[in-house]
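Participant: Dropping the structure in here first, questions after.
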Amino acid sequence: MKSHLKPITRRKFLKTGIAGGFITATLPLWKLFSFSAPPSDFYVNPACNLSKETLEKLIKIALQRGGEFAEVYVEYTVSNNISLEEDKIHGALRGVDMGVGIRVLHGEKTGYAFSDDLTFDKLKQTAEVASLIASEKEVKNPVGLKSSKISSYYQVKVSPDSIVIQNKAKLLLKANSVGREYDKRINQVNVIFSDTNKKIIIANSDGIWVEDVQTLTNLHVNVNAIEDDKKSRGEAYKQGTLGYEHYDLKLAEELAKDAGRMAIAMLPAEDAPAGEYPIVLAKGDCGVFFHEAIGHSLESDGIRKKTSCFWDKKGEMIASLADDGTVPGAGGSINVDDEGTPGQKTVLIDKGKCINFLYDRLNAKLMNAKLTGNGRRASYQHYPIPRMTNTYLMAGEDDPEEIVKSVKKGIYVALIGGGSVSPTTGRFGFSVPEGYLIEDGKITNPLKGIRLMGNGPEVLENIVTIGHDLEILPGTSCMKSRQIMPISCGNPTLKVSKITIGGAKV
Ligand SMILES: [Zn+2]
């Protein structure tokens with residue numbers, strides 16, 4: 001297939017990456033984006049086509065001052081984004097970024113340097129800077145690089161980067177028209193389609209050489225509804241390590257209807273009551289709670305520095321929590337983490353007992369633990385730190401309908417929104433964009449202004465029934481140490497015997 005990208009030379013790509021990276025455009029887009037597919041050598045021959053020999057040389061230079069471990073991380077990323085607002089295609093972005101990050105570990109210390117200039121001289125300087133962390137007489141010899149075979153947990157047949165922008169625009173226009181037609185009270189529809197296509201190479205002094213192509217795709221619909229003085233919003237999206245074959249007009253229609261349904265359902269919402277109530281968390285959409293309120297406190301960097309709360313409760317607890325980078329197509333899934341460790345499933349809490357943490361290489365070494373495949377970084381400009389992948393509360397055995405029926409008066413949380421958690425005390429506050437009253441075992445009136453308050457371990461202790469209907473969301477993102485990472489989370493339907501609700505109605 002013909003492509004306008006093909007004639008772009010390596011240097012030109014570099015310039016695109018360095019000089020601001022993104023192009024912003026308004027209609028007509030097709031003039032800017034007239035290519036139909038990336039060239040076949042797009043990922044095999046990006047500017048980061050550095051040979052094994054070159055990487056071996058760099059590792060050697062990085063170890064020249066006696067560091068214990070050295071690693072080279074090569075990244076080449078193409079990002080696309082198209083958005084619709086106020087009935088029109090509003091903008092389109094395309095960015096190319098690439099670079100190399102070189103890391104040296106020595107004791108508790110990390111030496112890190114990166115470069116987006118990929119000439120050997122500049123990379124040599126980068127390795128030299130990273131090496132400065134150590135000053136030992138004895139210099140370690142790196143193991144020769146050997147390719148590792150990895151399993152694939154992505155569901156990508158058609159790269160979204162190979163799709164002409166007109167086709168992506170059709171999804172946006174479809175979601176817009178369906179959203180607006182859903183109900184005349186819907187007065188605003190915003191839609192975004194984005195895809196990130198990242199090729200990485202990781203090579204280290206233990207002899208690991210691994211390559212991966214990571215695709216993250218998202219179609220996101222937001223709607224607002226208005227009636228007299230009442231306003232509400234709804235959203236729906238599909239995100240994951242997914243190819244374009246998972247996105248079509250039918251999906252755009254479904255997402256628009258789902259966002260519309262939420263906005264219209266929430267339009268008559270009344271102020272939530274304040275006080276202590278039993279709550280039922282809906283499957284899937286409440287997993288972010290466990291990610292934020294529990295998961296972060298099980299990342300090994302916090303554990304090692306003892307800044308997070310963790311516990312070892314024995315007794316009657318039933319909740320179990322896992323982090324799993326191998327869920328097919330999920331947003332947090334990884335064939336390998338950003339240190340070359342294969343993605344894997346780690347049970348963190350087994351029926352209330354904390355049995356493992358999430359490790360990157362540095363913390364695993366310092367804590368004498370096994371790697372769990374959780375060393376992740378946002379880009380070559382960052383060194384890896386322990387991060388979650390797909391984190392979820394594990395399934396129980398109860399019937400989800402019976403769980404709702406068992407509540408006389410309580411709150412049904414259909415979707416958990418943004419929140420804040422203190423890493424030292426575990427105390428949290430979460431908003432609930434979609435929630436309802438439960439009266440005599442039935443879901444009744446929509447409620448607005450629900451705020452869930454408490455602390456993570458206490459909520460785990462108070463989980464009394466867990467459904468068999470575990471659902472893992474397609475994906476979302478998490479910010480830590482100024483690094484944004486794709487993750488996912490999930491949960492089955494479950495009941496918490498009591499939780500404090502901050503609401504407007506006393
Ligand atoms: Zn997070």
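Participant: Tally up the residues in the range 183-199 that are of a type outside the set (Asp, Glu) and buried (at least 22 other Cβ atoms within 10 Å of the Cβ), please.
Facilitator: Total satisfying the criteria: 5.
Participant: What are the residues in the range 134-156 that are charged (D, E, K, R) and surrounded by 16 or more Cβ atoms within 10 Å (Cβ to Cβ), if any?
Facilitator: Selection gives Lys140 alone.
Let's see how each residue does on (1) more than 22 Å from Pro492 (Cβ to Cβ); (2) buried (at least 19 other Cβ atoms within 10 Å of the Cβ):
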{"site": "Leu321", "(1), (2)": "no, yes"}
{"site": "Asn335", "(1), (2)": "yes, yes"}
{"site": "Thr341", "(1), (2)": "yes, yes"}
{"site": "Asp350", "(1), (2)": "no, no"}
{"site": "Phe357", "(1), (2)": "yes, yes"}
{"site": "Asp360", "(1), (2)": "yes, yes"}
{"site": "Ala364", "(1), (2)": "yes, yes"}
{"site": "Ala369", "(1), (2)": "yes, no"}
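Participant: Hey, can you tell me all the residues within the range 472-506 that are farther than 28 Å from Met317 by Cβ, assigned to a strand (DSSP E or B) and within 16 Å of the ligand (Cβ to nearest atom)?
Facilitator: Ser477, Met479, Gln483, Ile484, Met485, Pro486
Participant: Taking the stated definitions as given, is Lys345 more than 16 Å from the ligand (Cβ to nearest atom), in contact with a helix residue (DSSP H, G or I) (Cβ under 9 Å, 6 or more places away or on another chain), closer than 23 Å to Ser477 by Cα and among the charged types (D, E, K, R)?
Facilitator: Against the criterion (more than 16 Å from the ligand (Cβ to nearest atom), in contact with a helix residue (DSSP H, G or I) (Cβ under 9 Å, 6 or more places away or on another chain), closer than 23 Å to Ser477 by Cα and among the charged types (D, E, K, R)), Lys345 does not qualify.
Participant: Let me ask you something else. Restricting to the range 387-420, and then to whatever is charged (D, E, K, R) and not in a helix (DSSP H, G or I), can you tell me which residue is surrounded by the most Cβ atoms within 10 Å (Cβ to Cβ)?
Facilitator: Arg387
Participant: Please find, among Lys157, Lys199, the residue that is under 25 Å from Leu50 (Cα atoms) and not hydroxyl-bearing (Ser, Thr, Tyr).
Facilitator: Only one candidate qualifies: Lys199.
Participant: Let me ask you something else. Among (1) under 23 Å from the mean Cα position of the chain (by Cα); (2) modelled with pLDDT of 95 or more, there is one condition Val288 misses while meeting the rest; what is its number?
Facilitator: (2)
Participant: Can we say Val432 is crowded, with 17+ Cβ neighbours inside 10 Å, within 29 Å of the chain's Cα centre (by Cα) and more than 25 Å from Thr326 (Cα to Cα)?
Facilitator: Answer is yes for this residue.
Participant: Can you confirm whether Thr425 is within 16 Å of the ligand (Cβ to nearest atom) and not assigned by TED's automatic domain parsing to the domain that holds Tyr154?
Facilitator: no
Participant: On the basis of being of a type outside the set (S, T, N, Q) and either over 21 Å from Pro342 (Cα atoms) or part of a helix (DSSP H, G or I) (or both), does Ile202 make the cut?
Facilitator: Criteria not met by Ile202.
Participant: Which numbered condition in (1) away from the ligand (no atom under 16 Å from the Cβ); (2) assigned by TED's automatic domain parsing to the domain that holds Leu470; (3) among the aliphatic types (A, V, I, L, M) is the only one that Leu321 fails?
Facilitator: Only one criterion is unmet by Leu321, namely (1).
Participant: Then there is this: Of everything in the range 437-450, what is over 28 Å from the mean Cα position of the chain (by Cα), part of a strand (DSSP E or B) and touching a residue at least 12 places away in the same chain (Cβ under 8 Å)? Give them in sequence order.
Facilitator: Leu437, Ile438, Glu439, Lys442, Ile443, Asn445, Pro446, Leu447
Participant: As an exercise: evaluate Tyr383 against (1) in contact (Cβ under 8 Å) with a residue 12 or more places away in the chain; (2) over 28 Å from Leu242 (Cα atoms) and give the number of the one condition it does not meet.
Facilitator: In the conditions (1) in contact (Cβ under 8 Å) with a residue 12 or more places away in the chain; (2) over 28 Å from Leu242 (Cα atoms), Tyr383 misses (2) alone.
Participant: Run down Lys124, Lys168, Lys149, Lys174 and say which single residue is in contact with a Phe, Trp or Tyr (Cβ under 8 Å, 6 or more places away or on another chain) and either assigned by TED's automatic domain parsing to the domain that holds Ala70 or not in a helix (DSSP H, G or I) (or both).
Facilitator: Step by step, each of Lys124, Lys168, Lys149, Lys174 is checked, and only Lys168 is in contact with a Phe, Trp or Tyr (Cβ under 8 Å, 6 or more places away or on another chain) and either assigned by TED's automatic domain parsing to the domain that holds Ala70 or not in a helix (DSSP H, G or I) (or both).
Participant: Also: On the basis of being under 19 Å from Leu298 (Cβ atoms), part of a strand (DSSP E or B) and either touching a strand residue (DSSP E or B) at 6+ places or on another chain (Cβ under 8 Å) or within 16 Å of the ligand (Cβ to nearest atom) (or both), does Met453 make the cut?
Facilitator: no
Participant: Would you mind stating whether Asn462 is buried (at least 21 other Cβ atoms within 10 Å of the Cβ), touching a strand residue (DSSP E or B) at 6+ places or on another chain (Cβ under 8 Å) and closer than 20 Å to Lys353 by Cα?
Facilitator: So Asn462 does not fit the description; no.
Participant: Need the failing condition index for Leu452 against (1) of a type outside the set (Gly, Ala, Ser); (2) within 27 Å of Leu219 (Cα to Cα); (3) out of contact with any Lys or Arg (no Cβ under 9 Å at 6 or more places or on another chain), just the number.
Facilitator: All conditions pass for Leu452, except number (2).
Participant: So Pro423 passes all but one of these: (1) of a type outside the set (Asp, Glu); (2) part of a loop (DSSP other than H, G, I, E, B); (3) within 21 Å of Pro268 (Cα to Cα). Which condition number does it fail?
Facilitator: Only one criterion is unmet by Pro423, namely (3).
Participant: Going by the structure shown, is Gly240 within 16 Å of the ligand (Cβ to nearest atom) and of a type outside the set (A, V, I, L, M)?
Facilitator: No.
Participant: When only residues in the range 273-296 that are part of a loop (DSSP other than H, G, I, E, B) and crowded, with 24+ Cβ neighbours inside 10 Å count, which is farthest from the ligand (Cβ to nearest atom)?
Facilitator: Ala282
The values are calculated or read from the model by the stated rules, or taken from the named source; none is laboratory data. Just so you know, these numbers come straight off a predicted model, no measurement behind them. No Cβ is skipped: glycine too gets one built from the backbone with ideal geometry, and neighbour counts run over all protein chains shown.
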